[in-house]
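Asker: Quick one: the structure is below, and I'll ask about it shortly.
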Amino acid sequence: MHTITSLSADEFRTSVKSLADLLVDVVAGGSSLGFLAPFGQASAADWWHAQQSAVADGSLTVWVARGPDGITGTVGLARNPKPNGRHRAEIVKLMVHRDARGRGVARALLTTAEQAAARAGASLLILDTETGSAAEHLYRSTGWTRYGLVPDYAADPDGSLQDCSFYFKRLS
């Protein structure tokens, strides 16, 4: 059983090491998330530390899934700061530890972020993911619509260029 909670700014700050451990595991498993191998704990912690101001000012909300062994997954919701884009938000960095996959953690995190976005007044969500990935299957199965594919958009951890699919979802 996993419990999903939103991290306050203080909780986020104290969770950086665990979040970095998760990020290192996911990248080691082949998900790029914007990073190339070799990718270690220090680089992962630096990336999470760089998100602290966005969490503190409310432009980024981060949820974590916790299991018996600690943080097993996370997802972020980034709000659009532009006046003409306040109706939309972006799902970012949905990731689940390799040992916790196949248990509905990613689906539960995604649902949590979508519901929070709707409560906050967002009517449109966007995201991007590697084409053909397990994440892409999740998004399609939960009602997301692909609106584009860009070939060779980003490199995976070993440096091979991969296609990227872009998705949106309207919230009611």
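Read the figures in this text as sums done on the coordinates, not as results from a lab. Because the structure is predicted, anything quoted here is derived from the model rather than measured. Quick reminder, even Gly has a Cβ in these numbers, built from the backbone with ideal geometry, and neighbours come from all protein chains shown.
Asker: Only helical DSSP H runs with n ≥ 4 go in: add -39500 (n - 2.57) per run for the chain, normalise by residue count and round the 222 nm mean residue ellipticity to 500 deg cm²/dmol.
Answerer: About -10500 deg cm²/dmol.
Asker: Additional query: Rounded, prolate or oblate: which one fits the chain, using the alpha carbon gyration tensor with axes a ≥ b ≥ c (rounded when a/c is under 1.5, else prolate when a/b beats b/c, else oblate)?
Answerer: rounded
Asker: To the nearest 20 Debye, how big is the dipole of region 48-172 about its Cα centre, given +1 on the beta carbon of each Lys and Arg and -1 on that of each Asp and Glu?
Answerer: 660 debye
Asker: Also, I was wondering about something else. Which helices pass in the chain if a helix is a full DSSP H run, must span at least 27 angstrom along its long axis by Cα, and must have mean Kyte-Doolittle hydropathy not below 0.5?
Answerer: Details: long enough: 9-28 (28 Å, 0.59).
Span-like helices in the chain: 9-28.
Asker: Please tell me the relative contact order of region 3-170 in percent, rounded to the nearest whole number, where contacts are Cα pairs under 8 Å and at least six residues apart.
Answerer: Values: 292 pairs, mean separation 36.6, N = 168.
Once normalised by length, the contact order is 22 percent.
Asker: Per-residue counts of other Cβ atoms within 10 Å, averaged by peptide: what ranking do you get for 79-88, 163-172, highest first?
Answerer: Values: 79-88: 12.2, 163-172: 15.7.
Per-residue mean Cβ counts within 10 Å order the peptides as 163-172, 79-88.
Asker: Let me ask something else about it. Taking amide H atoms as placed 1.01 Å from N in the peptide plane, list the residues 5 or more away in sequence, or in a different chain, whose amide H sits under 5 Å from that of residue 72.
Answerer: 65, 66, 67
Asker: Through the Karplus equation 6.51 cos²θ - 1.76 cosθ + 1.60, θ set to phi - 60°, convert the phi angles of region 67-82 into ³J(HN,Hα) values in whole Hz; use x for Gly and Pro.
Answerer: x, x, 9, x, 6, 10, x, 7, 8, x, 10, 9, 7, 7, x, 6
Asker: Let me ask something additional. Reachable aspartates and glutamates from residue 17, Cα under 17 Å, same-chain residues fewer than 8 places away excluded?
Answerer: List returned: 25, 46, 69.
Asker: Scan around residue 131 for amide H atoms under 5 Å from its own, H built in the peptide plane at 1.01 Å from N, and keep only partners 5 or more places away or cross-chain.
Answerer: For residue 131, whose amide H was placed from the backbone, the distant partners under 5 Å are 163, 164, 165.
Asker: Could you give the length gained on full extension between residue 53 and residue 119, defined as 0.36 nm per residue of separation minus the Cα-Cα distance, in nm?
Answerer: 21.5 nm
Asker: Continuing with the same structure: Excluding residues on the same chain fewer than 8 positions from residue 169, give the aspartates and glutamates whose Cα lies under 14 Å from its Cα.
Answerer: 90, 114, 128, 136
Asker: In addition: Pull out the extension gain between residue 131 and residue 80, defined as 0.36 nm times the separation in residues minus the alpha carbon to alpha carbon distance; nm, one decimal.
Answerer: Here the segment from residue 131 to residue 80 would lengthen by 15.9 nm.
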